[in-house]
1. Could I have the simple spin-label model distance between B:Lys331 and A:Leu359, label points 7 Å from Cα toward Cβ, reported in nm to one decimal?
2. I need the shape label for segment C:296-465. Rule: rounded when a/c is under 1.5, else prolate if a/b > b/c, else oblate, with a, b, c from the alpha carbon gyration tensor.
3. For n ≥ 4 DSSP H runs only, could you compute -39500 (n - 2.57) per run for chain A, divide by its residues and tell me the 222 nm figure to the nearest 500?
4. What's the magnitude of the charge dipole for chain A around its Cα centre, counting Lys and Arg as +1 and Asp and Glu as -1 at the beta-carbon? Answer in Debye, nearest 20.
5. Take the Cα atoms of segment A:2-360, build their convex hull, and give its volume per residue in Å³.
6. Test of understanding: in a Gaussian network model of chain B with alpha carbons linked when under 10 Å, which of B:Phe374, B:Phe171, B:Phe193 would top the mean-square fluctuation ranking?
7. Residue by residue through segment B:177-187, what is 3J(HN,Hα) from phi via Karplus (6.51 cos²θ - 1.76 cosθ + 1.60, θ = phi - 60°)? Round to whole Hz and write x for glycine and proline.
8. Taking R0 as 45 Å, what's the FRET efficiency between B:Ile239 and B:Arg357 from their Cβ-Cβ distance, rounded to 0.05?
Amino acid sequence: MEKRKGKIGINTAFIMFLIIVFSPSARIFGTYTALKADQAGWLSPIVAFLVMAYLVIELNNLFVKFPSLSLMEIYEKVTGKILAKVIALVYLIWIIILTGLNLKSYTMRLSTAVYPNIQENIFLIITLVIIGGLIVKAGFVVASRMFKIFFWITALGFFVLCGVLFPNISINKLTPISYLDIIPIFEGSIAIIAIWSYITLLFIMSENIIGMKYFKKRGLQIVGYLYLAVTLLLVCLIGNSGSYVLSRSTFPYLLTVEQMILLETITGLEAILVVLWILSDFALVTVLILTSLKLVKYIFNLEDTTMFTNLVTIIAFYTTNLIANNYYTMRDFSYNYVYMINIIIFIIIPVLMSWFNKLRTKAQKALAKNSN
Amino acid sequence: MRKMIIVVLILAVIFFATSFEEIIRGRTEIETLYPITLAGIDNNQNGDTEYLISTVSPTTEEDAVKPNNIMTVAGKTGFDANRNIGMYAENDLYWGYAKYILIGEEASKESVFKYLDFFMRDNEPRMTLTPLIVKGMSSRELIGLLYEQNIDISNTVDNIIDNYAILSYAFEMPFVEFIDLMSDKKNGYLPCFELEDERLDIRIEHGGQEPEEGETLEGEHAKILRSVGYAIIKDDKVIDYILFEQGRGLNWIIDEIVSGTIVVEHEGVKYNLEIIEGGSKIVPKIKDEKLKAEIKVNVDNILTEISKQDIAIDDELMKTLERKSSEIVKKEVMEVIDLVQKHEIDIIGIGDKFYHRYPVKWEKKYKEKWEDIFPKLDIEVTVDSTIERSARFYESILSGEVK
Amino acid sequence: MKKETNTKEKPSVKDSLLDQWVENLEINSDNLKKILSKSADFISKPVTINSKLNIVVHMFFIDGLINHQQISELILKPLVNDVRLVNVKDEKSLFNYIEQGVVYFSAQNTLTNMYEITDAILSGNVVIIFNELNKAIAFDTKGFQMRSITTPTEETSLKGSKDTFVETIRVNTATVRRKIKSTNLIIEDMTIGYMSNTLVSIVYMDNMVSKVTLNELIERLKSIDTQEVIFPGIIEEHIIEDRYASFPQVNYTEKPDKFCISVLDGKIGLIIDGIPFTLILPTTIVDFFQTTDDYTSSRFVASAFRIMRYTLAALALFITGYFITITTFHQLLLPPDLAISIITSREGVPFPMFLEIIVLVLAFQVLIEAGTRIYSSIGGMVTLVGALVVGDAAVNAKFVSPAAVVVVAIAAIANYAIPNRDFANSLWLWQFIMILLSSIIGLFGLVIGLILLVYSLASVEVLGVPYLSPFVNSNTKDAFKDSIIRPPLDKKTNPDYIQRTK
C-alpha cells in the first residue's frame, strides 16, 4: 500500500542522505582535509557543520512556506516560471555530470583497489543495468527501503571499522592545534561542504516526502550526527596514518584500513570497506538518476518519466566515459571546479532563493500596509 | 521480481558471452599462486638492470626437502624485476602475503626509497609490509646462506621480530610509520639484521626437522640471523648503525621499551635487573629564545638474580643499585644523542616535541633553522631507575640470618 | 407439486449449474438418492415410526463421517421408543415433535433445500427426510475418526505447550478458544473451492486487528476462484502480492500457542479444514527469526539467540560466496598463514574452487532431500553414506579440498539454525545465487547479490505491510521493540505496522 502511494517519511529521507554521502566522504575527506589542513583536518567538519545548519534553516524556510511542493516548484513560486526552468535545466546538466563523475570515480576505485586486471566498463554496465533496470523503475519507495537496509549495513560496518581503528590512534598525529590552523581548517572544509550539500539534491524530490514540517528539527539532528561521524572518521584516518601519508594517498580510508591486523591474524578488513563503498555508490547514483528524472519531469511538464529512465541511464554511461581519462585529471577537475560548483548550485542558489523569498514577503507586507 | 529475473538473465548473457574470458582476468585459483613471504632487494652493478630482487616462498608440496623456494632476478625497475621473476616462477607471483622486505647493505647505502617505491606504491603488497636493513652483506647473500641451512627464512624473521620486546634493541616499523618518520627531512632509522658466524655461545637446533647430511647447523657454514639494532638513515641513505645497547638507547628516547635486562656490577657482584616498565618523556623548553630539551627516563625493575650469595640486601644497597642502573641507562641514551648530534639528524623527534609544545613559535621561527639548532641543542638526560621488588625471595637465598 | 427442474437431466460439467440444479430439486428421498447413491459410503435407511399408519421417515448419512453410537442412542432410540412418537398420526405432527426437541440432540437444524441437505450430509450430519412434507432435519453427528492432538513434530519448543493443531477445523477453533477466552476473539467462516467446499476460518481479535489489513485479506480470499483447497498453497498464492519472490510471505504454524500469540498481537490467523497447519498474516521478515521459546527464557538469552540467528542467516548466505571470492579473486584478504595452508591442502585437487563449492552445496541439499523423503528404515543409511562420502572419501580421493568441505558445512549448519524451514530454504537458494555471482566476478558479484537480495525483499509487501518492517519504514524506537532484542514481556506491544493502520 505504501508502495503505491510513492511517498516516504522525512526520517527515511534523511537516512537516504546519510547513505549517499558515505562513499564520497570516505574517499575524499581524508585526503582533502589532510592536504589543506594537515593535522588539524579533523576540525574541518565544524565549519561544515555550521554552514550546513544554516542551509537547513534556510531550506526549512522555503519548505515551510510552500508545503508539499517540489523544490523546483518552490523556485518557480519565488522567481517565476522561466527562471525556475532555467535553473532546473542547470541542475539537470550538473546532476548528469555529477552522475558521470561519481560513476567514474566508483569504477576507477574498484578497478584500482580490488580488480587490477579487469576492464572498468564491466562494473559500469552491471551497475547501470541494475540501477536503471530495477531500482529506479521500482520507484522511490522501494529504493528508499533498500537504502535504509544499506544504511543499517553501513552503520554496522562503519562502527566495526572505527572500533578497529580507534585504539591505534596516536594523539601526536592529531596535534598541535593553534590559531595558525584556522585558515587551513576553513580551506579543508570546502570539500566537506560540497559533499554535504547533496542534502539539497535529495530534497529536490521534496513533494514525495511526507512530514516536511519536521525538516528543521530532523535536519539539524542529522547534520549533527553526520558531523560526529565524519569527525570520528577523520580522527581515525589522520590519527592512524598521519596527515603526511594521507595527503599523498589515492584512497585514504582503504590505505588506513589495510594496515589493520586484528589479533595478529585476521586481515582483509578492507573487504568491509569495499562492500560499503559499492552500496553507498549504488545509492548515490540511484538518487542522482531519480532526481534527474524529476527534473526532466518538471522541465517538460511530463506526467510519467519511466520511459526516460533508460535514456538517462545511457546518457550517464556516456558522460562517465567522457569525463576524465585518468585519476590525475579527475582529481584536478574535482579540486578546482566540482566542489565550488556543488556549493554554488546546492547551497548558494537555495539560500538566495530563501533570501529573495523573505524580501518579497516583506515587500508585499509593506505594500499591503501602504495601500491600507 | 519478474524484472529481476530478466536482469539476471541479461547479466548472465553478458558474462557468458564470448568476450567473457577477456573481460574478466581477475580470477586466479589460489593454488596457482606463488606466494612470496619475504623478499630481498639489492642493487646490481650490471649495466642497466639496477634492481635485484630475491624472493622467498614456502614450499607447498608435502614431501618437500627444503622449507623455502628462492629465486633471484634482476630488472630495470623493481616492477620489471618482479615481472622477470614471474617469467621463471612455476605459478603466478603473488606479493600479498609478503611480510618483510630486506634491503641489502649496498642498496641501503645508495637509497632506501628508490628500492622501496614499488612495494609501497603497487597495490599487491600489503601496507603492513615491514622493511628491514641487512648489515654487512647483500640481502641475496643472506637469503642464500639461510636457504642452504634449511632455515625457514620468513619464519625466523617472524620469530625474531616477535621477540623484540625481550631485549628491546629494536622494534617493528611497518611502511606507514616509516614514511611518517621520514616525512620531514628524509632522515630516520630502520631495524637492521645481521648474519653472524656461529659463536660458541649460541647453538640452535630445531627438533622437528631432521638435518640432512652435511646440512647441520654446526660447522663452519652455520650462520645465525639476528637483530642487532637500527640503521640510521640520513637523506635517504644508510650512514651508520646503532647496535645492541645503543639501539636500546634509541628506544628509551622514543619510548618504545617493553622489557630488557640491566646487569649492574657492584663490589664484584653481578645483580641482574629485569626492566618491567620503561618510559620516557621529552620536555622541550624555550627560555629567552634559548632552546633546551630535557629527556626524562623512567625505569621500573625487578631484581631477578644475584651472582653471589650471603649478601645482606638493605636500603643502601638498593639505592646504590638504582643509582648504578640509572647511570647505565643514561650512558646508553647519551651515546645515541651524541651520535645523532654528530650526524646532524634529528631522528629522535625532539623537533617534533618543540612543534607540539610551541606550535606557533615553531612554525614562525625555528622550523627553518632547526637543522642548525639541533646539533648544538642542549639536551639534558635524567634517569630515574627504581627497583620495585625482588622476585620470589627478598633476601639472598643463603643469607644465614634474616633480619 | 412437481417442480419443473425436477424433470431436467442432471447437468454434467458446469458446476455452478449443478449446484443450482441440486438446489432446486424437490426435497424427497428419491431425489437425494439420485444425487448421492452412486457412492458406496452413502447409507440410506428407512425408519418406521408408526407401523400401523405406515409412517416412515428416511435417514441418510455418509458412513465413516458420523458417530454410530450417537445415532443409535440419541436419535434412533427416541424415534422408535418415544411414546409420543409411536402414536403420531401423520408426518406433520411427527415433524413438529422432532423440531420441538423430542429427539434429545443438541445440534439440530431444519433444512429447506436440497443443496443444504447434500452439504449437511457431506459434512457429517445425519439427515432425516420427510417425504410428504418435503422437509428435512439435520443432526450434527460428526464423529469420524480423527487424529488425536499430538506433540508438535515440525516445530519443537522447550517450555511452550505441547499440543498441535489437527486436521479437523472445529477442534482447532476450539483449541484457540480455550486459549483466548475473550469476546473479542472473532472466528469468521468462509467456504473456498467450488469442488472441495473447504471451510476456512479467519481468526482475529476484534479490538486489536488492523481493519485495513483485514478487509484486504477478506477481499483477496473472496476473489479466490479455485477447484479445491487441499493444500494451503493455493490460498497462500492468492493472498500474497509478489508471486515471484522467493521468500515465504506467510507464516505457517502447527502450534496453537504461537498462533494465539500472533492473533493477540493483532495479526490474522487462517485455519483451513483438513490441514493441521495454520497461516498467520501479515508476515514480516522478523517473524521468521522468532520462536515461542524466546518468550519463556531470559530476555537476555533470548535476545542473544535472536542476534545469533540473524548472524547465522548472514553467514549461511554469504560465507560460501565469500570463500570463493577470497580464494579465487582477492587472495589479499586471506591471512597469509591460512592462505598457505589452503594452498597446501589443495595440492592435487583438479577442480576450480567454485565448482567444488557448488558440488558440495548441492550434495548437502541432496542429503537433506533424501533424508526427508526416504522411508525411515533406510534413512539412517543415507546419512551414513553421505557422511562417509562427503566428509572423508571425497577429500581423500582429492575430489574436494578439506577447506571447501569445512566452509560448506559451516554454511549448512548455520542454515539449520534458522527456525523456519521455508525461510531457510530460500536462504539456501540465495546462497546459491551468491555463489554463482561471486564465482563470476568476486566481491563485486557478492555485493551485487546482496543488492539484488535487498531489492527483492524491499519490493515485497504482504497485505500492504512491507516485508522488511520494521527495518525500513519505522521511525520510532518502539517499533523495533520485538525485532532483534526481545523486550520485557510487560513492555511488549503489538507490531508497529498494526498500530499504525489500526
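The values are calculated or read from the model by the stated rules, or taken from the named source; none is laboratory data. For clarity, every value in this text was computed on a predicted model and none was experimentally measured. Note that each Cβ is placed from the backbone with ideal geometry, even for glycine, and that neighbours are counted across all protein chains shown. Only protein heavy atoms, including side chains, enter the accessible area calculation; ligands, DNA and RNA are left aside. Shrake-Rupley method; radii C 1.70, N 1.55, O 1.52, S 1.80 Å.
1. 8.2
2. Numbers: a/c = 1.70, a/b = 1.17, b/c = 1.46.
Here segment C:296-465 falls in the oblate category.
3. Details: 17 runs with 271 residues, N = 372.
When only DSSP H runs of four or more count, the value is -24000 deg cm²/dmol.
4. On the way: 29 positive and 16 negative charges, 325 e Å.
Once rounded to the nearest 20, the dipole reads 1560 debye.
5. Working: hull volume 47.0 nm³, N = 359.
Considering the Cα atoms of segment A:2-360, their hull volume per residue is 131 Å³.
6. Sorting by GNM fluctuation, first place goes to B:Phe374.
7. So the J values, rounded to whole Hz, are 5, 4, 4, 4, 5, 7, 4, 7, 10, 6, 10.
8. Working: r = 29 Å, r/R0 = 0.64.
Calculated value: 0.95.
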